[in-house]
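Written out below as structure tokens is the structure these notes cover.
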Amino acid sequence: MIKHSNPTLNERRITKFLRLLKPLIHPQSVPVTVEAWHVGGEPVPYEVAVKADYKPFSVGDEWGPAWDTSWFRIRGAVPAEWAGRDTAVLFELNNFGREGFTTEGLIYSKGKPVRAINRNRNEIEVSPEARGSETFEFYIEAAANVAPKMDPNWELSVIAPSGAMFKLEKAELSFIDHEIQQYYHDFRVATEVMLVLPVGSQRRAELLYALNE
């Protein structure tokens, strides 16, 4: 979200509403089973990781010494009553850091890499039109990256704390309300445009009025 230094009361209401609107994209959720294997060294290929000894892992559990790799195995089943829904696993490796210097991972499905997962894209697609009751399994190769910092001599260095650095923030199966999703993105774009327009401009006032309505 683009920040404005002196938002009006109505503008603050709009940005608050936007934050409240986003969770409604996923109106219902059920837990998934998560297990983890912490490599403790150099990264390993998928063929090695799938044969590892995985242990139960829960939301809130810590993982990831600096620059280490953890593999997560995610299993579950789509509720029968969700038949016809667009379903996805919401999986958040952590909730802080900046892109490139925080956690990120690679999703594997049926032995093949699918795509990356990070703080800006944390959905794992299960089925665009679920049958209901089908099972699924995913593996995620997750990297615990740390942010670089400048030392007093302006040399780039990396502060690497020992021990776990991150917590698993979310692991659940949900379905997507596409009407709310489209409304959220329309509302977000209009809000961001409003906040970068000159204060007192007619266009900013028009957007403020429309968003309030």
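Please treat every number below as a calculation from the coordinates, not as lab data. These numbers come from a predicted model, not from an experiment. Methodologically, a virtual Cβ is constructed for each residue, glycine included, from the backbone with ideal geometry; neighbour enumeration extends over all protein chains shown.
Some observations on this one:
- Among Tyr184, Gly105, Tyr46 - extreme Cα towards positive end, dipole of the chain, charges at beta-carbon: Tyr184
- Near the amide H of Arg119, within less than 5 Å, lie no amide hydrogens of residues on another chain or at least 5 residues away, with H placed in the peptide plane.
- Sorted by Cβ density within 10 Å, fewest first, the residues Asp68, Asp86: Asp86, Asp68
- Greater than 23 Å apart at Cα, pairs in Lys16/Lys167; Lys51/Lys170; Lys22/Lys170: Lys16/Lys167; Lys51/Lys170
- Extent of the chain along its three principal axes (Cα atoms, max minus min coordinate, largest first): 62, 61, 26 Å.
- Selection from Thr15, Gly200, Pro128 lying farthest towards where the dipole of the chain points positive, charges on Cβ: Gly200
- Here His26, His185 are placed in order of increasing Cβ neighbour count within 10 Å, fewest first, which gives His185, His26.
- Only Lys, Arg (+1) and Asp, Glu (-1) charged, at Cβ; the chain dipole about Cα centre in debye: 520
- Model label sites at Glu129 and Val39, defined 7 Å from Cα along the beta-carbon direction, differ in position by 3.9 nm.
- Each residue of the stretch 80-86 was assigned a 3J(HN,Hα) from its phi angle through the Karplus expression (A = 6.51, B = -1.76, C = 1.60, θ = phi - 60°), giving 4, 6, 8, 4, x, 7, 8 Hz with x at Gly and Pro.
- Sequence-ordered 3J(HN,Hα) estimates for the stretch 178-188 from the Karplus curve with 6.51, -1.76 and 1.60 and θ = phi - 60° stand at 5, 5, 5, 4, 5, 4, 4, 5, 4, 5, 5 Hz, glycine and proline given as x.
- Rounded to whole Hz, the Karplus (6.51, -1.76, 1.60) HN-Hα couplings of the stretch 10-22, x for glycine and proline: 5, 5, 5, 4, 5, 5, 5, 4, 4, 5, 6, 6, 4
- Distance from the alpha carbon centroid of the stretch 30-63 to that of the stretch 117-142 works out to 16 angstrom.
- Cleavage-rule hits (trypsin sites (Lys or Arg not before Pro)) in the stretch 49-112: DSSP loop, at most 11 neighbouring Cβ within 10 angstrom: Lys51, Lys110
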